[in-house]
Amino acid sequence: MLATRPAARIDAKRRATVDPRKRQFAKAQYQEQDYNFRMNFYAIPPTGDISLEQFEEWGIARLKVLAELEACQFRNRSPEETAEYMRPILQKNLPLSANSSRSGSLAEERKRDHYSHWTLRLAFSATEDLRKRFARLETMLFRLRLAQDDGRERREFIESLNMDWETVGEEEKAMFGEELRAATGAWRAKGEEEGWFKVDWERVPELVEQRRVLLKKGKAYVHIREQTSMVVGEFSRQLEAGLELSARALPRMDEDNRLSPILHHLSKSFTAPDTAYSQDASSITDSTQVNAAMIDSVVKHFPLCMQNLHRELRKNSHLKHFGRLQYTLFLKGIGLDLNNCIEFWRRSFKLIDESKFNKEYLYNIRHAYGDVGGDANKRGRGYTPYSCQKLLTEALPSAGQSHGCPYRTFSPDNLIALLQATGVNDRELLKTVRETVGKQRYHIACNLVFETQHKADLKKVKEQNLWPASELDTILHPNTYFKRSFQLANLNKFQNGDIGIDGPSQEASQ
Amino acid sequence: MPHATTPGSSPPIEDTVMSEAPIADANDAANDTTGTVEDQEDDVSAVQPPAKTSLEDMFDDDDEEDGEFSSSAQTRTADSSQEAKPTSNSSSKATDPEVMRVFYQRLFPFRYLFQWLNHSPTPTTDFSNREFAFVLPNDAYIRYQSFVSADQLRKQCVQLTPTRFEIGPEYSTNPRDRKTLRKASAFRPVAKELVFDIDMTDYDEIRTCCSGASICQKCWTFITMAIKVVDAALREDFGFKHILWVYSGRRGAHAWISDKRARQMDDQKRKSIAGYLELLRGGDKGGKKVNVKRPLHPHLERSLNILNPHFQADVLIDQDPWAEPAKSERLLQLLGDKTLTAALQKKWDASPHRSSAQKWSDIDTLASAGSLSTLTPKTLVEVKQDIRLEYTYPRLDAEVSKKLNHLLKSPFVVHPGTGRVCVPIDVRRVEDFEPESVPTIQQLLKEIDAYEGDGREDEAGEKMQDWEKTSLKPYVEYFRTHVNTLMKDEMGAKRARAEEGESMDF
Ligand SMILES: [Zn+2]
């Protein structure tokens, strides 16, 4: 992620204060907060100073988590499946240890959790749609974490919320025992912790409506199993109210021109989380050097956006500027070196003579590789391959252009036709894709295609535990798509060590 | 013929001139948030030119059609209301404006109604921001009326002689000022009693004694059962104290819960109480109406205990709902077990005159006769509980309870069809309540005349209220007691709050 950025880009002088109330409450104390609990209602905005880089980096990490949660929801993963799927993603992006873990980084983790929540809260309070989506995903995250909380720590956390819950004592339990069990269905789950608390019935209208509580003179006796959903409900209510407030405070935030581009970028990223490109994340390996002649034989592993560009290129022997740029960077990402890339384009543009190619196209390719251009470009080794997020947010292609994500830029009928042309024929899948793009979940549609096309291999990978879980999460970058597809097709070779891959193949052979 | 008109003819026209044209009100969609599609449809049917000729018949459908909830007046046009205008020349009819004028002048307990809605003897916004809606003699419907005092309301009634009036919520501002507000959102309902409506219409599929608009003491028992069950739940489960049950004038009852906690509930909380009390689902053609988990929720357990004796006496004996073969089919359908129902069917075909009580006990006899039933004894008990509930459990018109801004007919108004006053029902003696003994407006006016004709007036002193001279007296006294308890509670709480100062935690 952003941690892989060149250190030179960090400017220590750029510091930000993440306190939206700063201007509202001039006397506010700026201090580090104590985080007694792992869970947080985020009622209080952070008041300490962090760098702009942390501000952005932590926000992006949280965004990644929320996007994955959303993907779980769209795929109807069960709570258990979601928990399992999210475990490595959370560990990587937003670890949050229990007090009992005695981890040395508790405070740092909790600070990061707290600040990143507030960063995103600001970024997503601008529109009603974003607020709803953010509140929904944050609530999911909260529920997931609460469920995983250590039993005792959860109890202590809930008690700390001061929610006016009175525990039903032994005397009342003895008095109303039968009624309590009949009303709350406690008899059903044997071995379940038996306990109740009471609140004013108005606090639990849904439970009252469903007759799932015992009522006595206006007090609702609620089984403790409902407590979690009540806490989650309360979290959700408070967050929604808080987002309304943030929305009103937002115009003031705009005054801070250091934060607004970051917030803007983050909210745009919500379309599909940004995944930065790094060489080791997407190129295959040293032993599988891609060259210009190989491209046609590996196109089948390309995501639809790149297959589309390749087809257009073959059909017209030409691609317009943005398509060329998108494809060049992708090829660079899969490990095609500059000379091979130039060769590839030279052969592809067969209707164009040498001098025109050299004059009009060569420079752009070299620039993309960082071979020419300013110091910054050279030092950064040119441009970064485009992520799904980038492709999903840029301007739509106009006539004659082919760049972008086809799931977004194609009409549903044309999209289905293109998928069929690339060998995707599963009718159920095509139907689901149609529905999913209808809901504008473009990258989800792409992932569904990937998963269905590689179903058997993915099953094998999971069953034999060949890959780390982080290699199985949602694809957010065209180069990741290629890498996984290619590796899945060569599972045997990797396992046999014919093609080296970092980590998993060695684990598997042990 | 002695006639109880007040000397001095009709009252002077005062400053209570109606400024609100009904049609304009009806079109004020921004403020009229109470009308639902169903309401509108009901109103459409309610204003169809009636084909019936007698006045009594014209009001037959009163309760279930426009009923007590004329909350949307959109479709009630001046033209169609003319159609509904009584053409009968019998001047003593309940809706006769002169009769109504006397009723409002001399009998209607405005003072207690004011206190009941105001929760204090001195005027507050609880009363002055409260919406009243009037149904005028020409059937025009006027909404968003409000008054600062009991006397002002009385004057308006005397002047307009509405056939009845309805009570809506207290609003954030005076309902009469709603159009002068710059923002529509500044005018919103803030409080109203929690209300319930129980109507005999919903019992038509299980009562055999009467149908349509008519009722008798036998089927009134269904309303009695419903009152007992709902009242118990409201008091014991929700802790409400100030519950007023009111006869709706023909064949149903309303409940008004005035506890502060109840008045302040939003729609979600109202809906959740309605859901808590609601049990029977599905229409006539549906399968089982009762689908509950076991063990029964304590509210249902208590309800069954209340209802069991009624089931034996009032349903099995009095209603005899499964006497006819066609009707006993429903019973077999509810039992569900094929072997058992076949055996029962055979038995009842052989002796077609078995009563419902006999048929009910046949179930146990045949079921215990060995392999005739695949139902376990426990399941059979549960199935029979479900059947008892289907034939006795309250059938509430839940929609009425769910909305803060619904209007409901005021207590003590006169039902235009029957002429009976919508009197409170003393819930402690709910079994003694006889709708047929509820005084009619004509009867009450005669009683005043008779009282004064006897020359008893002098003995009792001049201060005596007219209602004290009639059979309305016990009902007004009951209402007065109810209102006093409510005010005491409300003011006691206020005083306590004032004395405790800010230290008190709410
Ligand atoms: Zn009857």
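Within the group B:186, B:150, which residue is over 22 Å from the mean Cα position of the chain (by Cα) and surrounded by fewer than 19 Cβ atoms within 10 Å (Cβ to Cβ)? Don't jump to the end; show me each part of the working.
On the way: B:150 fails: surrounded by fewer than 19 Cβ atoms within 10 Å (Cβ to Cβ).
Result: B:186 is the single residue among B:186, B:150 that is over 22 Å from the mean Cα position of the chain (by Cα) and surrounded by fewer than 19 Cβ atoms within 10 Å (Cβ to Cβ).
List every residue pair whose Cβ atoms sit under 6 Å apart, with the two residues 6 or more apart in sequence or on different chains, where the first one lies in the range B:412-441 and is over 15 Å from residue B:220 (Cβ atoms) and touching a residue at least 24 places away in the same chain (Cβ under 8 Å) and the second, anywhere, is surrounded by 18 or more Cβ atoms within 10 Å (Cβ to Cβ) and among the acidic types (Asp, Glu).
B:417/B:62
Please work out if residue A:154 is within 30 Å of residue A:264 (Cα to Cα), assigned to a helix (DSSP H, G or I), open to solvent by 40 Å² or more (accessible area, probe 1.4 Å) and in contact (Cβ under 8 Å) with a residue 24 or more places away in the chain.
On the way: within 30 Å of residue A:264 (Cα to Cα): no; assigned to a helix (DSSP H, G or I): yes; open to solvent by 40 Å² or more (accessible area, probe 1.4 Å): yes; in contact (Cβ under 8 Å) with a residue 24 or more places away in the chain: yes.
Spelling it out, it is not the case that residue A:154 is within 30 Å of residue A:264 (Cα to Cα), assigned to a helix (DSSP H, G or I), open to solvent by 40 Å² or more (accessible area, probe 1.4 Å) and in contact (Cβ under 8 Å) with a residue 24 or more places away in the chain.
Of the numbered conditions (1) within 16 Å of the ligand (Cβ to nearest atom); (2) open to solvent by less than 10 Å² (accessible area, probe 1.4 Å); (3) not β-branched (Val, Ile, Thr), residue B:250 satisfies every one except a single condition; which is it?
(2)
Tell me, please, whether a residue that is within 14 Å of another protein chain (Cβ to nearest Cβ), modelled with pLDDT of 85 or more and in a loop (DSSP other than H, G, I, E, B) can be found in the range A:214-234.
Checking the range A:214-234: at least one residue is within 14 Å of another protein chain (Cβ to nearest Cβ), modelled with pLDDT of 85 or more and in a loop (DSSP other than H, G, I, E, B).
Any idea which residue in the range A:401-455 is nearest to residue A:488 (Cα to Cα), counting only those that are of a type in the set (Lys, Arg) and part of a helix (DSSP H, G or I)?
So, considering only residues that are of a type in the set (Lys, Arg) and part of a helix (DSSP H, G or I), the one nearest to residue A:488 (Cα to Cα) is A:455.
May I ask you to list the residues in the range B:217-247 that are within 12 Å of the ligand (Cβ to nearest atom), under 14 Å from residue B:434 (Cβ atoms) and touching a Pro at 6+ places or on another chain (Cβ under 9 Å)?
Of the residues in the range B:217-247, the ones within 12 Å of the ligand (Cβ to nearest atom) are B:217-223.
Right, trim to under 14 Å from residue B:434 (Cβ atoms) and you get B:217-221, B:223.
The answer is B:217, B:220, B:223.
Pick from A:459, A:455, A:439: which is within 22 Å of residue A:64 (Cβ to Cβ), surrounded by fewer than 19 Cβ atoms within 10 Å (Cβ to Cβ) and either basic (Lys, Arg) or touching a Gly at 6+ places or on another chain (Cβ under 7 Å) (or both)?
Details: A:459 fails: within 22 Å of residue A:64 (Cβ to Cβ); A:455 fails: within 22 Å of residue A:64 (Cβ to Cβ).
Being within 22 Å of residue A:64 (Cβ to Cβ), surrounded by fewer than 19 Cβ atoms within 10 Å (Cβ to Cβ) and either basic (Lys, Arg) or touching a Gly at 6+ places or on another chain (Cβ under 7 Å) (or both) holds for just one of A:459, A:455, A:439, which is A:439.
Is at least one residue of the range A:336-346 surrounded by fewer than 19 Cβ atoms within 10 Å (Cβ to Cβ), in the same structural domain as residue A:484 (by TED's automatic domain parsing) and within 32 Å of the chain's Cα centre (by Cα)?
yes
I need the full set of residues from the range A:416-431 which are in contact (Cβ under 8 Å) with a residue 24 or more places away in the chain and within 12 Å of residue A:452 (Cβ to Cβ), in order please.
Looking only at the range A:416-431, we keep the residues that are in contact (Cβ under 8 Å) with a residue 24 or more places away in the chain, and these are A:418-419, A:421-424, A:426.
Hits for the range A:416-431 are A:419, A:423, A:424, A:426.
Test each condition in (1) more than 16 Å from the ligand (Cβ to nearest atom); (2) surrounded by fewer than 21 Cβ atoms within 10 Å (Cβ to Cβ) for residue B:213 and report the one that comes out false.
(1)
What number goes with the only condition from (1) within 14 Å of chain A (Cβ to nearest Cβ); (2) open to solvent by less than 40 Å² (accessible area, probe 1.4 Å); (3) of a type outside the set (A, V, I, L, M, F, W, C) that residue B:305 does not pass?
Condition (2) is where residue B:305 drops out.
For the structure I just gave you, tell me whether residue A:198 is basic (Lys, Arg), buried (at least 16 other Cβ atoms within 10 Å of the Cβ) and within 12 Å of chain B (Cβ to nearest Cβ). Please lay out each step first, then the result.
Details: basic (Lys, Arg): yes; buried (at least 16 other Cβ atoms within 10 Å of the Cβ): yes; within 12 Å of chain B (Cβ to nearest Cβ): no.
In short, no.
Within the range B:385-423, count every residue that is within 26 Å of residue B:309 (Cα to Cα) and either open to solvent by 20 Å² or more (accessible area, probe 1.4 Å) or under 14 Å from the mean Cα position of the chain (by Cα) (or both). Lay out the reasoning, then the answer.
Applying the first criterion (within 26 Å of residue B:309 (Cα to Cα)) to the range B:385-423 yields B:385-398.
From what is left, the residues that are either open to solvent by 20 Å² or more (accessible area, probe 1.4 Å) or under 14 Å from the mean Cα position of the chain (by Cα) (or both) are B:385, B:388, B:394-398.
Final tally of qualifying residues: 7.
Among the residues of the range A:165-178, is any open to solvent by 40 Å² or more (accessible area, probe 1.4 Å), within 14 Å of chain B (Cβ to nearest Cβ) and within 30 Å of residue A:246 (Cβ to Cβ)?
Scanning the range A:165-178 turns up no residue that is open to solvent by 40 Å² or more (accessible area, probe 1.4 Å), within 14 Å of chain B (Cβ to nearest Cβ) and within 30 Å of residue A:246 (Cβ to Cβ).
Checking the condition at pLDDT below 95, surrounded by 17 or more Cβ atoms within 10 Å (Cβ to Cβ) and not acidic (Asp, Glu), which residue from B:223, B:206, B:243, B:227 passes? Show your work before the answer.
Details: B:223 fails: at pLDDT below 95; B:243 fails: at pLDDT below 95; B:227 fails: at pLDDT below 95.
Result: B:206 is the single residue among B:223, B:206, B:243, B:227 that is at pLDDT below 95, surrounded by 17 or more Cβ atoms within 10 Å (Cβ to Cβ) and not acidic (Asp, Glu).
The values are calculated or read from the model by the stated rules, or taken from the named source; none is laboratory data. This structure is a prediction, so every number in the text was calculated from the model and none was measured. Counting neighbours? That spans all protein chains shown, and the Cβs are built from the backbone with ideal geometry, glycine included. Accessible surface areas use protein heavy atoms only, side chains included; no ligands, DNA or RNA. Shrake-Rupley method; radii C 1.70, N 1.55, O 1.52, S 1.80 Å.
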